[in-house]
Amino acid sequence: MKLIGSTTSPYVRRIRILLDEERYDFVNLNIYGEGRDELRKTNPTLKIPVLEDDGQEIYDSRVIARYVSAKQGRDPLTWDQQNQLTLIDGANDSAVTLLLSEKSGIDTKQDVMFFNLQRERIMTTLRTLAAMVDDGQFEDWNYPAICLYCLVDWLEFRDLVDWAGVESLLAFRDSRQQKPWVAETDPRLS
Ligand SMILES: N[C@@H](CCC(=O)N[C@@H](CS)C(=O)NCC(=O)O)C(=O)O
């Protein structure tokens, strides 16, 4: 099994944590630099992660997680858990958009529709996720909890949001730092 990704991507990190003790090779690509040619050969959507196993290529962390979970004999996600993933991915995708815009030299704080929509989505989803944390819905260390951890830790690492009103997400992150593979996959190590 081979996982193609990067050490900073929150979508890749969730799969590295899920893979746990599985034996696999990790290919760490700089997708915006010298690793781009390799990425072009690997995934036409030009996104990471990609999993390769027994000649089967799988794109997208959500589909990779289904594949790995089935292999590990885990129960499929419930509809409510699928909704949790959609919330997490909604915030994550908008935050990636903000980061790429900032890296392109664009002021993402400006009062224009596109950035207002991204910031609004990030805060509405984070507030909903914080309420779910307060309600005890992320107590188990399952795949949605792993994804939430990777999102919150990455948002803090990239300094992309104001945590006022959603502090319980940071408390959730702080209390899960000892979970398996969390320290080893910290994006700050790269
Ligand atoms: N829906 C995808 C999103 C993956 C994604 O956006 N990955 C980022 C890295 S954090 C990426 O490859 N971005 C490249 C780009 O947007 O050009 C998944 O869950 O795998």
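Each reported figure results from applying straightforward, stated rules to the coordinates on display, with no laboratory input. Bear in mind the structure is a predicted one, so any value in this text is a computation, not a measurement. Glycine gets a Cβ as well: all are built from the backbone with ideal geometry, and neighbour counts include every protein chain shown.
A few remarks follow.
- When the residues of the range 89-103 are filtered to those that are in contact with a Ser or Thr (Cβ under 8 Å, 6 or more places away or on another chain) and in contact (Cβ under 8 Å) with a residue 40 or more places away in the chain, the one that is surrounded by the most Cβ atoms within 10 Å (Cβ to Cβ) is A91.
- Selection of the range 63-80 for residues being within 15 Å of the ligand (Cβ to nearest atom) and either in a loop (DSSP other than H, G, I, E, B) or surrounded by fewer than 18 Cβ atoms within 10 Å (Cβ to Cβ) (or both) yields V63, R66, Y67, S69, L77.
- The range 158-190: number of residues that are of a type in the set (A, V, I, L, M, F, W, C), within 18 Å of R119 (Cβ to Cβ) and touching a helix residue (DSSP H, G or I) at 6+ places or on another chain (Cβ under 9 Å): 5
- Highlighted here are the helices (runs of 4 or more DSSP H) found entirely within the range 104-187 that include at least 2 residues which are at negative phi and surrounded by fewer than 12 Cβ atoms within 10 Å (Cβ to Cβ): 113-134, 167-175.
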